[in-house]
Amino acid sequence: MNPALKSLFSTNPNNKNFKFYVEKCNHLLKSISSKGSVREGTLLHGHLLKMGISSERYVAVKLLIMYLNFRKPAEANEIVKKFNGFDAVVHNCMIDANIRWGNIEEARRLFDEMPERNEVSWTALISGFMKHGRVEESMWYFERNPFQSVVSWTAAISGLVQNRSSFEALKVFLRLLESETKPNEVTFTSVVKASLELGNFRFGMSIIGLIVKFGFENYLSVSNSLITLCLRMGEIDLARRIFDRMEQRDVVSWTAILDMYVEMGDLGEAQRIFDEMPERNVVSWCAIIARYSQKGYPKEALKLFRRMFEEGFKPNVSCLSSVLSALATLENLRAGQNIHAQILKTGIDGDIFIDSSLIDFYCKCRETKDGRMVFDSITEKTVVSWNCMVGGYSLNGQMEEGRDLFDKMPCRDNVTWSAIIAGYVENKEFDKVFELFNEMLLSGETPNSSTFSSLLCACASMASLENGRNLHGKLIKVGVQYDVFLGTALIDMYAKSGDIENSKLVFDRMPKRNEVSWTVMIQGLAESGFVEESLALFEEMKITSSIAPNELMLVSVLFACSHSGLINKGLQYFRSMEAVYGIKPKGRHYTCVVDMLSRSGRLYEAEEFINNMPFQPEANAFAALLSGCKTYKNEEIAERTAQKLCELAEKGSFLSAGYVLLSNIYASAGRWVDVSNIRKLMKEKGLKKSSGCSWVEVKNHVHFFHSEDGTHWKSPEVYEMLELLRFEMVQ
DNA sequence: ATAGGGTTAG
């Protein structure tokens with residue numbers, strides 16, 4: 001039993017300390033009402049009845065509040081009867097409770113029937129409508145409130161912020177200043193949050209002046225919100241100064257500063273702060289786990305999750321959804337299934353955040369069926385749950401299912417559009433990509449940096465410079481926030497479309513670069529023929545950044561070496577791969593080396609290199625060697641290589657390009673019998689020389705032209721036009 | 001009436 005309750009029961013009050021005793025009861029009532037159990041409350045109520053103090057007016061009010069908190073309307077009504085009907089206080093309690101229970105209309109009815117309303121009644125209704133997203137009605141009451149205290153002003157301001165109307169909130173705040181009502185610390189925390197939501201840092205900074213003027217700079221809540229504001233503004237030093245200067249700090253202050261270090265990627269310092277925190281609660285645990293998961297450190301997030309258990313904290317709903325998100329990133333199906341089972345067992349299922357995380361988790365683990373099962377089980381789906389499912393299908397290339405859901409969605413946001421567009425990009429259905437983009441614009445949805453990165457990726461795949469440039473212009477016009485993803489997509493688009501100058505320009509101007517940005521730039525330079533620059537950039541990266549070389553960069557580096565005849569340098573890079581960078585060379589790297597040696601005529605070395613490979617070489621490696629044999633007219637090695645290629649062909653792991661190359665070599669040596677044998681072989685296997693293909697875009701529609709099979713649906717017109725042009729040119 | 005924590009797109 002509750003020890004405080006036990007001690008109360010064992011005390012016998014006398015006349016002298018009776019007042020103190022009632023005080024004690026009152027206090028306990030309050031504490032049980034907010035965090036106790038119904039049983040404790042009923043016990044205490046019984047005791048108060050016995051002692052004859054339950055009819056003391058303020059005790060009775062507390063009892064009423066307690067029963068309302070426990071959502072026991074019958075018991076609450078019993079108490080109300082004792083008041084001989086409703087008075088303002090009872091009315092206000094009932095209004096408050098009904099708002100919490102979602103019965104806003106009942107609250108309004110109670111308000112209307114009040115003979116005399118006070119400030120509390122008005123404020124309850126104003127904030128009640130705000131909580132239910134009914135901003136206009138709330139403001140209607142706000143404007144007619146005869147009392148207009150700081151509290152109702154603040155209720156309106158914070159309500160507007162909650163309803164994503166921060167601009168309106170700031171306008172109300174300015175009116176408040178003109179009205180000569182003094183704002184308080186709650187007002188300031190709300191106003192700071194408003195400028196944070198708006199991203200209006202200038203306003204935020206001027207708020208700091210007002211805070212000092214009104215003397216609230218030493219308030220804990222004000223300082224905490226200022227720290228968050230400074231962090232989001234990038235004023236890290238200022239945030240740290242405010243934190244250091246605070247006389248007292250609470251979990252919120254510590255969590256905010258911890259957040260900063262995770263944000264900066266300084267995990268060591270974050271860990272240190274976390275260990276140093278004088279106090280940790282479930283929220284701070286959840287905060288750090290969530291942040292690690294969001295910032296791309298899923299393994300660390302899971303480690304912390306385990307530690308949280310060890311230290312005796314029980315994860316709550318928000319913590320579990322972060323953990324599921326981390327497991328989704330790691331594609332750890334087993335662990336996620338365990339958590340899913342735990343969730344079902346403890347009966348905390350049915351949370352929309354958890355369910356959305358589960359959908360995403362199953363889809364990322366390629367189990368779209370399980371994801372769909374969770375999705376179908378949700379009775380009240382949100383945009384996010386829809387997005388998870390549509391995105392899940394997109395991710396797995398199930399575009400038909402994805403499109404089907406997309407069309408059925410009751411409302412879409414820019415994540416929805418981005419998800420489906422990304423799916424079509426991944427699936428290389430580029431005409432659909434631009435079709436949907438136009439539809440998106442028509443629907444009035446504003447594309448963001450994510451949407452644009454997908455579109456630019458499509459342009460890069462099509463080497464469509466014109467389209468890419470248009471998009472670049474459009475995204476400047478829309479005022480999209482630049483981020484690493486978008487910058488990288490631009491670099492890639494320009495590089496793959498052959499405009500290496502602009503590619504470099506974007507790269508140089510990026511304030512922050514990640515591994516992909518460097519990879520894409522190094523690759524772009526190498527493949528555009530700027531091999532020295534590519535190699536120089538690779539070296540620069542090793543010295544000036546904290547990014548480690550990766551597999552893809554080394555493919556580019558080796559490619560650059562082989563195309564500029566830097567054989568020895570290339571071989572050196574190849575050898576240092578495992579020894580220095582700790583990257584195990586893959587087939588592609590070996591192929592680059594074979595290519596390097598073959599191009600320079602070191603055919604015997606190349607052959608030996610292939611023979612000594614620790615695993616099955618790529619067909620392309622033989623092709624590269626064959627190509628060298630053709631250039632340097634070495635039929636002996638060509639013969640042996642051809643033999644190997646044929647063996648590969650038997651196993652079925654062979655490309656048609658290899659056959660074509662082989663037949664070309666025989667042809668150039670005049671060995672027509674062999675040529676026809678290969679052609680026959682290709683026919684038997686149903687292989688076709690992959691046909692040439694080119695395309696143009698007209699009005700955002702991509703038209704393909706294939707060299708062999710396909711005729712474009714407007715071919716006759718195209719040829720007619722060509723004939724016309726030729727005729728005019730000849731004249 | 002207020003501050004710190006949750007799910008989705010690249």
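The values are calculated or read from the model by the stated rules, or taken from the named source; none is laboratory data. This one's a predicted model, so the numbers in the text were calculated from it and none came from an experiment. As a convention, Cβ positions derive from the backbone with ideal geometry for all residues, glycine included, and neighbour counts pool all protein chains shown. The protein model used for the area step is the full one, side chains on, heavy atoms only, and it has no ligands, DNA or RNA in it. Shrake-Rupley method; radii C 1.70, N 1.55, O 1.52, S 1.80 Å.
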Original post:
Averaged per residue, what accessible area in Å² does region A:1-68 show with a 1.4 Å probe, protein chains only?
Top reply: 59
Subject >> Pairwise FRET efficiency - A:THR631 versus A:SER576, Cβ, R0 = 25 Å, nearest 0.05 >> reply: 0.30
Subject >> Accessible heavy-atom area order of A:THR346, A:THR154, highest first, probe of 1.4 Å >> reply: A:THR346, A:THR154
**OP:** Calculate the translational D of region A:37-161 in whole µm² s⁻¹ from Stokes-Einstein, where the hydrodynamic radius comes from the Kirkwood formula applied to all Cα pairs, the temperature is 25 °C and the viscosity 0.890 mPa s.
**Re:** 159
**OP:** Quickly rank A:354-360, A:304-310 as a protection proxy: mean count of other C-beta atoms within 10 Å, highest first.
**Re:** A:354-360, A:304-310
**OP:** Return the carbon/sulfur percentage of the accessible area of chain A, one whole number, probe 1.4 Å, all protein chains in place.
**Re:** 53
Original post:
With the contact rule set at Cα under 8 Å and sequence spacing of 6 or more, what percent relative contact order holds for region A:280-349?
Top reply: 31
Subject >> Pairwise label distance in nanometres, A:ASN338 with A:ASN118, each label 7 Å out on the Cα-Cβ vector >> reply: 5.6
**OP:** Please work out the average accessible area per residue across region A:103-224, using the 1.4 Å probe convention, and give it in Å².
**Re:** 50
Original post:
In the calculated pair distance distribution of chain A, what percentage of Cα-Cα distances lie above 41 Å?
Top reply: 51
Subject >> Rg/Rh for region A:192-235, where both radii come from Cα atoms and Rh is the Kirkwood radius >> reply: 0.94
**OP:** Could you grab the relative contact order for region A:498-655? Cα pairs under 8 Å, six or more apart, rounded to a whole percent.
**Re:** 14
Original post:
Using the Cβ atoms and a cut-off under 12 Å, what net charge is assigned to the surroundings of A:LYS569, where Lys and Arg are +1 and Asp and Glu are -1?
Top reply: -1
**OP:** Tell me the label-point distance for the pair A:GLU137, A:LYS477, using the 7 Å Cα-to-Cβ offset, in nm and rounded to one decimal.
**Re:** 4.2
Original post:
Taking the Cβ-Cβ separation of A:THR11 and A:GLU56 as r and a Förster radius of 30 Å, what is the calculated FRET efficiency to the nearest 0.05?
Top reply: 0.95
Original post:
If you count, for each residue, the other Cβ atoms within 10 Å and average over each peptide, how do A:486-495, A:577-586, A:286-295, A:417-426 line up from highest to lowest?
Top reply: A:486-495, A:417-426, A:286-295, A:577-586
**OP:** Apply 1/(1 + (r/R0)^6) to the Cβ-Cβ distance of A:TRP713 and A:ASN470, taking R0 = 35 Å, and write down the FRET efficiency to the nearest 0.05.
**Re:** 0.85
Original post:
Once the whole set of protein chains is in place, how much accessible area is left on A:THR446, using a 1.4 Å probe, in Å² to the nearest 10?
Top reply: 80
Original post:
Any idea of the accessible area per residue across region A:289-432, 1.4 Å probe, to the nearest Å²?
Top reply: 50
